[in-house]
Amino acid sequence: MSLTDTEIKKVKPADKPIKLTDGGGLFLLVVPAGGKWWRFNYRFDGKQKTLSMGIYPDVPLIRARERRDEARRLLAEANEQPRGKPRGILEQCELMIRV
């Protein structure tokens, strides 16, 4: 089930971090201090990794989804590259997220 902007606005911080999943590895982490951080879980070289996608509301839901899709595209390209090459594509992915 995909997240909606209304759901994101309604969620309140709790004693422990809350994960609201959107799909495709994208989720919103709501921390007890009140921050809402976009995160993207993915696997590369058999290891699970997490990439920060920005802070809500600075990065709205639609933009977080665009960043997730772009990161997935770059990761797919990295998996097609011969060994030794994917690091450049992963760096591109991290730079793309920072913009």
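What the table shows:
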quantity: Links that overshoot a 20 Å alpha carbon limit, given the list LYS12/LYS36; LYS16/LYS47; LYS12/LYS47; calculated: LYS16/LYS47; LYS12/LYS47
quantity: Cα extents of the stretch 26-65 along the three principal axes, largest first (Å); calculated: 32, 24, 10
quantity: Sequence ranges 50-56, 8-14, ranked by mean other-Cβ count within 10 angstrom, highest first; calculated: 50-56, 8-14
quantity: Formal net charge of residues neighbouring THR21 (Cβ-Cβ distance under 15 Å; K, R +1; D, E -1); calculated: +3
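Values quoted throughout were computed directly from the atomic coordinates according to the rules given, and no laboratory measurement underlies them. Keep in mind it's a predicted model, so treat the numbers as computed, not measured. No Cβ is skipped: glycine too gets one built from the backbone with ideal geometry, and neighbour counts run over all protein chains shown.
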